Amino acid sequence: MKLKNRILAGALTVGVCFAAAATTYADDIRVGITMRMVSENGQAYGQMMMDEIKGINEAGGINGHMIKATLMNDECKSDKGVANANKLVFQEKVHLLIGSSCSSVTLPIVDVTAKAGVPQLVPHSTNSKITQKGSEWVFRVPVSGRYYGGVNAKYVGENIGTKIAYICAADAASVGDCANMEKQMKARFGVEPAYRADVQEKEVDFRAHMQKIKSMKVDGILVAALAETMARALVQSYEAGIGEDVRRIGSSSASNAPVPKIAGDAAKGVFFTAAYAAADQRPIAKLFNEMVKARYGIHAPDHDFSQAYDLVRIMEIALKNTALTGSLADDRTAIRDAIANVKGYEGLASGPISFCAAATPQCRDGNRTAVLIGYTKGGEDFETEVLARVTMEEDFGLE
Amino acid sequence: MGFDLNSFLAFIIFGVTIGVVYGIVALGISLIYSGLDIVHFAHGEMYMFGAFFGLVLADNVGLPYPVALVGAMIITAIVGMSVERVFYRRLTRAGGGYTVAGMGMIICGFGMSVAMVNVAYFIWGAEAEPFRANLDYIPRLQFPGDIEVPESYVLTAIISVILMIGLHYFLRYTKPGLAVRAVAHNKDIAYLMGINVPLMISLIFGVACALAAAAGVLIGPMQSVQVEMGYLMLMKAFAAAVVGGFGSLPGAIIGGIMVGVFENLGAAYISASHKDIYAFLLLILVLMVKPSGLFGVEAKVKA
Amino acid sequence: MIVLSKLADLFEDLAKRHRLLPWLIAYVLLLPLPFVLAGLFNEYLIDLVNRICLFILLAVGLNIVKGFCGQVTVGHIGLYAIGAVTSAVLSLEPGGFGGALGFGWPVWLSIPTAVLVTAFAGLIIGLPSVRLQGAYLALATLGLGESVRIFIAVTPALGSSTGLMMIPAPSVGSFTLDSFTSYYYIVMTAALLGIYFSFSILRSATGRAFQAIREDTTAAAVNGINVIQYKLLAFVFSAVYAGLAGALFAHMQPGYLHHNNFTVIEMVTLLLMVVLGGIGNVWGGVIGAIVVAIAYDQTKDLVFYFMDRPIVIQPLVFGLSMVLLVMFMPRGIGGWIEDFQRNRRFIRRSEERLSGSTRNT
């Protein structure tokens, strides 16, 4: 009996030795990134962050310190994301954690960083609950879902009509987008959804819903889903015979390249809110578009690209304003305070990004400006146009 | 909301068109079960591979859609036969003859499924690919009451019927078909009759994988093609095969149509978000009440 | 080898005289592990060990129904989900932050309740086994397990896509067990108890009935074993393990549950543990769980560049190793252990015979 216990203990020790690659660099600033790296775009976001950080190091680093970044894959699964966060915080002993792409992964990581006292920058997740948890350590670079809902509802109600059918997929971001839109439509125009279908995250067949929606003669259809699911829904809405006069409204993931690529012509006329438009005419945006195209072969970067880029720039600003002492806990706090002092950062994002010290969503949802973007052409070489740019009040969409 | 006959009919029509595709995949699963007495848990990946081969042939090589369909079927059949030869043959043989009692084959199928998904991910990446087939020569069906059936669904129905008739003809009226049926009936006797049983097993596997590929190419234009598409189809096809009776070929098609209609009606009248559960419910219900299925030969106790 | 044999002999003698003693020694030896890990390496490894303990519970539980009783179930992960969600929902505050259902029970009450609920669910998942065998049973349990996940995914009261968040950690008095180290003592105790009871089951009359059913159901029935009752019992036992593992997972901080933690991929990982360990061998299952969990943790971020595209190769390796294990090492690590034990017994018997013969002359 005991022999087997010895084997068990032995196996554990071997595994443990294997895992013990903990290294501490005296002078480096350690940054941990956990993201969904399964898709090509996901890998490109991660790669771009790593390249930008490399660029900072090559330019002499931050006040003489090099940044050592560790990139990990969480496959958009919360248990893996939490394991990654624990590993980065306790094994790699990072000063700053960046993550994650999916709201359902970011939500638990917020608790990890709050307890361990590690500043966390959120690159892509839009679920409004992330900043409502009251963590002092979390900062959101993208636009919170609560703002998107307001922008969408205002535009839809004033320009399209109030008889809207909702198709809501079951991923965390889309559920949030749907709920926010519904709430805002009710608050602004006092209307309930004409039709609402909650479908699965990776639903493949929307025809039953489209058939029902078709018979209802609605003004618009909100399709809230992840990129590929949304593209399928868009294609099938045309197949079911719903005409172009019924406007298709996308959730925030409509900005991702697979939507126009897969939906093709069905993407034309779809509009959505996002934090960045590739159709942006500012010089910085044009430069960015060219850089992404040259480096990663991406035709037109979506807002996840711009947010990843902005995040690195914000991190750079904050780190430059931090006086590192060498004590991990003090440095983490100092970096947190430095991020909280970032005000009016103007980068690629649709509007200025500002943080403040209080652990409230008003302070920690950095970007309050959403752009309304419409697809004017689908397919691989899709084109977009900017319809409107709306800045929301700080406490908009809060209870 | 009152009962609307038109949309009810629409749900049934759409249920049938998707159900036929479930039926084709189920046909392959049923064929493998009757031939090899194993349930092939990696069959969904054959369907996914078929869809990707079709996509490559149609979009990258530029073949017309029907040619791409046939090409994908042939390539997938070859892939399937090699997988069977290299991996499954050892297991099916180890169990005595070509059957294996126990869970080895099931676990192996699961492992193969994961491995194949990742091989496809290696080649094609994780993102969905659009499959644009030029189907202008197929008419759109117009039913009374504003029900339009798009081209791709019409095509699916037509090709499925052709495939079924072809398979029926092959099994009934050709020599290899007769040999396949003999192998399915009793391998030992088939051996004694001078039938090349290993070859026939390969043939069964090839035909089953070709059917799955056909389903993949048919579904491609409707739902786009993605490496993870196989798993859900596998579950639906299992349900179809079980409902129709495992090992019964006409049963597989009818089971497929039943699953398609059942889940569409469920999505329309009960709750859309529980859609995938309906197929499982039907599967479990049939397994509990009548494990042999509606048209089943008596349920064999085999893995 | 000889030293190992001698050691094993020694401990076996000890175990014969005091049944619980080796377990107590093991428990005491495992007590300082978190401090050793934190001291020598880092705290993350404690978290890893905690997760390994949960996997051990799951693998050992799956082994009861699969290995002891020979019933092919692929719905185990569904039971794990039921245990986790039940305990989480029971312990969450009503009208809490996450917007999910909550009852506000104390954690020490919600965990046993969740185990009971899961045991009942295990009975239901086991029901098909009364009529079905082999592949049919695999299909039915797969369907049931996946239905559980989809049901959680689409029911807002159970967290749906946003997940259940801020599930409280258990506490003793005013001390909350929310650190890796304090939680380690809960999961380690649970895992060790799980292994112990698994052996107790194996050696009891019930265990022998299970094995009889596995070897030949008809013969078992002829010998007066109530096959239906014992099959269901095996499912209930394994459900207790899964439910406990699930409940402990739910309360492990940061206390977050999402339905995509319970997909078929997780089921495949679980199967790999059992297959690697050797179906039916308890220690094999434990070693399988440890090896797979560590391998998983270490290889998750291995990236291989293929045509300038980074590719995560780990799932491919896992899938292929499952196929190859079934093909070339069907008895898994458990096979080695059994061989080792058999050899040892053989050597001892020969020694006894030899010494006996010398005495005679």
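The values are calculated or read from the model by the stated rules, or taken from the named source; none is laboratory data. Everything numeric in this text was worked out from a predicted model, so none of it was measured. Note that we place each Cβ from the backbone using ideal geometry, even for glycine, and neighbour counts take in every protein chain shown.
A few points about this structure:
- Among all residues of region C:228-247, there is at least one that is within 14 Å of chain A (Cβ to nearest Cβ) and at pLDDT 90 or above.
- All conditions but one from (1) touching a residue at least 12 places away in the same chain (Cβ under 8 Å); (2) away from every other protein chain (no Cβ under 11 Å); (3) farther than 12 Å from C:V60 by Cα apply to C:V222; the one that does not is (1).
- Hits in region A:58-91 (condition: assigned to a loop (DSSP other than H, G, I, E, B) and closer than 23 Å to A:Q307 by Cβ): A:A59, A:D74, A:E75, A:C76, A:K77
- Counting only helices (runs of 4 or more DSSP H) that fall entirely inside region B:38-136 and contain at least 3 residues that are at pLDDT below 85 and in contact with a Lys or Arg (Cβ under 9 Å, 6 or more places away or on another chain), no element qualifies.
- Top-ranked residue in region C:131-163 [being more than 9 Å from chain B (Cβ to nearest Cβ) and among the hydrophobic types (A, V, I, L, M, F, W, C); ranked as surrounded by the fewest Cβ atoms within 10 Å (Cβ to Cβ)]: C:A157
- Any hit, region A:68-75, residues being out of contact with any Lys or Arg (no Cβ under 7 Å at 6 or more places or on another chain), in the same structural domain as A:D331 (by TED's automatic domain parsing), among the β-branched types (V, I, T) and crowded, with 22+ Cβ neighbours inside 10 Å: no
- On the stretch given as region B:202-226, residues that are in contact with a Phe, Trp or Tyr (Cβ under 6 Å, 6 or more places away or on another chain), within 14 Å of chain A (Cβ to nearest Cβ) and aliphatic (A, V, I, L, M) total 2.
- When residues in region C:121-139 are screened for being assigned to a helix (DSSP H, G or I), in contact (Cβ under 8 Å) with a residue 60 or more places away in the chain, among the hydrophobic types (A, V, I, L, M, F, W, C) and within 17 Å of C:S238 (Cα to Cα), 6 of them pass.
- For the condition crowded, with 19+ Cβ neighbours inside 10 Å, over 25 Å from B:S7 (Cβ atoms), free of Cβ contacts under 8 Å to residues at least 60 places away in the same chain and within 14 Å of chain B (Cβ to nearest Cβ), A:I213 does not qualify.
- Residues that are buried (at least 18 other Cβ atoms within 10 Å of the Cβ) and assigned to a helix (DSSP H, G or I) within region C:164-181 comprise just one, C:F180.
- Of residues in region C:171-186 being more than 14 Å from chain A (Cβ to nearest Cβ) and of a type outside the set (S, T, Y), the one farthest from C:A289 (Cα to Cα): C:G173
- For region C:250-272, the criterion of being within 14 Å of chain A (Cβ to nearest Cβ), under 30 Å from B:M235 (Cβ atoms) and among the small types (G, A, S) is met by at least one residue.
- Residue match in region B:204-225 (condition: assigned to a loop (DSSP other than H, G, I, E, B) and crowded, with 23+ Cβ neighbours inside 10 Å): yes
- Qualifying residue in region C:235-254 (condition: among the aliphatic types (A, V, I, L, M), touching a Cys at 6+ places or on another chain (Cβ under 7 Å) and farther than 28 Å from C:L37 by Cβ): no
- Hits in region A:319-371 - residues which are without any contact (Cβ under 8 Å) to a residue 40 or more places away in the chain, of a type in the set (V, I, T) and either within 30 Å of A:L387 (Cα to Cα) or part of a strand (DSSP E or B) (or both): A:V342
- Output for region A:195-210, where each listed residue is facing chain B (nearest Cβ under 7 Å) and assigned to a strand (DSSP E or B): A:A197, A:D198, A:V199
- Tally of residues being closer than 15 Å to A:F90 by Cβ, surrounded by fewer than 20 Cβ atoms within 10 Å (Cβ to Cβ) and more than 7 Å from every other protein chain (Cβ to nearest Cβ) across region C:29-50: 4
- Annotation note: of A:A338, A:A308, the sole residue that is over 19 Å from A:N57 (Cα atoms) and at pLDDT 90 or above is A:A338.
- Odd one out for A:D198 among (1) touching a residue at least 60 places away in the same chain (Cβ under 8 Å); (2) of a type in the set (D, E); (3) farther than 30 Å from A:F355 by Cα: (1)
- Every residue from region C:1-28 that is at the interface with chain A (Cβ under 7 Å from one of its Cβ atoms) and aromatic (F, W, Y): C:F11
- Residue match in region C:249-267 (condition: within 27 Å of C:R19 (Cβ to Cβ) and either buried (at least 18 other Cβ atoms within 10 Å of the Cβ) or among the small types (G, A, S) (or both)): no
- Qualifying residues in region A:142-166 (those that are hydroxyl-bearing (S, T, Y) and within 14 Å of A:T273 (Cβ to Cβ)) - the one surrounded by the fewest Cβ atoms within 10 Å (Cβ to Cβ): A:Y155
- Sole exception among (1) closer than 30 Å to A:V259 by Cα; (2) buried (at least 21 other Cβ atoms within 10 Å of the Cβ) for A:L287, by number: (2)
- Considering only residues in region A:29-47 that are modelled with pLDDT under 90 and touching a helix residue (DSSP H, G or I) at 6+ places or on another chain (Cβ under 6 Å), the one that is surrounded by the most Cβ atoms within 10 Å (Cβ to Cβ) turns out to be A:M35.
- Hey, A:R232 part of a helix (DSSP H, G or I), closer than 25 Å to C:V154 by Cα and of a type in the set (D, E, K, R) or not: yes
- For the condition surrounded by 22 or more Cβ atoms within 10 Å (Cβ to Cβ), among the small types (G, A, S) and without any contact (Cβ under 8 Å) to a residue 12 or more places away in the chain, A:A254 does not qualify.
- Counting only helices (runs of 4 or more DSSP H) wholly contained in region A:109-194, the ones carrying 2 or more residues that are free of Cβ contacts under 8 Å to residues at least 40 places away in the same chain and among the hydrophobic types (A, V, I, L, M, F, W, C) occupy A:172-189.
- Hey, B:S202 among the polar types (S, T, N, Q), free of Cβ contacts under 8 Å to residues at least 60 places away in the same chain and farther than 26 Å from C:P315 by Cβ or not: no
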